[in-house]
Each structure stands twice: as structure tokens, then as C-alpha cells.
Amino acid sequence: MKYIAFLSMFIDHTNKALIYPNLDGGALNRLSDFFDILGRIAFPIFIFLLVEGYFHTSTKWRYLVTLLVFGVISEVPFDMCTSARFVEINWNNIMFTLALVLAMIWVIDVLKEKMASLPKALWYFVSFLIVAVLCIVAMNASLDYEHHAVLIGYFCYIFHERWVLGIPFCYISMFKEPWALLGFGLTLTYNGERGKQNKLVNYLFYPVHLLILGIIRMYLGI
């Protein structure tokens, strides 16, 4: 499932870096529209796997720090790919978004344990406040997927053991991207088992493919 998300992300970034700047209203537009559909599969899978990773990892600090480190590594390649510039402060890469979501569910989960003796409604109220604040943070920090990511991450956490119920809430959270339903649907195939993978390769794929696309875009001057 993760490699399906990688392929979808690569298609989406190729579309944004190399096709969007050349749209002419003809066949290229239809190709771009098709790539847009395929590209919407990635994010729901990545955010779903992030929350699953939270519940399965024994080293949450390492998980968070790794996301932040690769966020820093990926920022220049991301800017090159998306804007043909080395620095673009108005749009920041998804690794920072995932780090924010991970920190959010970590805090909320710790509060859930500490507030176990209190009415459950109070914990929900506090968690809603945290989500609202972080939605504002995500928007003001110009993070990729902004508040949509925060909301989806929260619902993935809340409905972790009842995921079918969570999908409608997640889908509504990014209703402007109707084809994201394909990604949410694919998460239903998750069996809870971790397949063979190379962590370094998984993390490097993001900045490396962005760098390649960014170099091509800047070389072609598009």
C-alpha cells in the first residue's frame, strides 16, 4: 500500500512540476486531469499509515525527529519542484505536516491517559481545542494540505479501531478533492501486518524524486 502511495505521489508531483506549467487547453489538460485523479490517492494512505505507525512504534521521539529532519532535507527540493525556486516560504513540504500531525495525536493520546478518571466529554473538548489551534498553525505555516491534514489525522486517531466509521469524516475533511476517496478506500485493504521495507529508502524517496523533478523543471525553465 505504501508503494502505491509512492507511485501516486510521484505522478502528482510530475504533474505539478512538468505538466501544470505547460497546460494549453488541449490533450495535455486531459492528461493532467487524469494525473490529478491518480495523485489524490497518496495523501490518505500516508496519513493513515502515519497514525498506524504511531500505535506500532516504540520510539515515538525518533519517529518525530526523523520526520522533522527529512522535512528540512526536503524543503529546497520541494520548492524547486513546486515553484522552480530554491526558496518559497508560502508552501512547505508534507514532512512538516506529518510531524505536526504526529505531535498532535501524541499529545492527545497522553492526555487521554491522564484524563482517564475524568468525564470522557472533557477529553474530547480539550482535544477539539488542540485540533482547532493546530489547524490555524498549519494554515499560517503554509504546510502542505494545511488544516485538512490535521483534521484527517485526528479522525484517523479517533476511529483507529473503527476505521470504516472514520472514512466519511476524513473524506468530508478534504471534500474539495473527491478522488481522495480512492486512497481512503485502499486503506481498507490494510491487514495490520508490516511488509518488508527499507526505512532509509522510504524516507529518501521523497526528497530525491522532488530534487530530480525540480532540476528538470529549472533546467527546462518551466
Inside region 54-75, can you point out the residues that are touching a residue at least 40 places away in the same chain (Cβ under 8 Å) and either more than 12 Å from G214 (Cα to Cα) or of a type outside the set (S, T, N, Q) (or both)?
-> Y54, F55, H56, K60, L64, T66, F70, I73
Members of region 183-222 found to be of a type in the set (G, A, S), under 13 Å from L49 (Cβ atoms) and assigned to a helix (DSSP H, G or I), listed by number | G183
Residues of region 156-180 being part of a loop (DSSP other than H, G, I, E, B), more than 21 Å from F34 (Cβ to Cβ) and either in contact (Cβ under 8 Å) with a residue 12 or more places away in the chain or within 15 Å of the chain's Cα centre (by Cα) (or both), in sequence order, are H160
Working only within region 7-52, note down all residues that are in contact (Cβ under 8 Å) with a residue 40 or more places away in the chain, of a type outside the set (A, V, I, L, M) and under 20 Å from H148 (Cβ atoms).
-> S8, H13, K16, D36, R40, F43, P44, F46, F48, E52
Mind checking whether some residue in region 150-172 is of a type in the set (S, T, Y), at pLDDT 95 or above and either closer than 17 Å to F10 by Cβ or in contact with a Cys (Cβ under 8 Å, 6 or more places away or on another chain) (or both)?
-> no
Quick check: anything in region 113-122 part of a helix (DSSP H, G or I), of a type outside the set (V, I, T) and crowded, with 16+ Cβ neighbours inside 10 Å?
-> no
Under 7 Å between Cβ atoms, at least 6 apart or on separate chains: pull out the pairs that start in region 126-155 with a residue that is within 25 Å of F78 (Cβ to Cβ) and end on any residue that is among the basic types (K, R) and surrounded by 13 or more Cβ atoms within 10 Å (Cβ to Cβ).
-> none
Does V208 qualify as being surrounded by 14 or more Cβ atoms within 10 Å (Cβ to Cβ) and aliphatic (A, V, I, L, M)?
-> yes
Expected output for region 194-222 (first residue within 25 Å of V87 (Cα to Cα), partner in a loop (DSSP other than H, G, I, E, B), Cβ below 6 Å, 6+ apart or cross-chain) is R217/A84; M218/A84
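The values are calculated or read from the model by the stated rules, or taken from the named source; none is laboratory data. Keep in mind it's a predicted model, so treat the numbers as computed, not measured. Cβ atoms come from the backbone with ideal geometry, glycine included; neighbour counts cover every protein chain shown.
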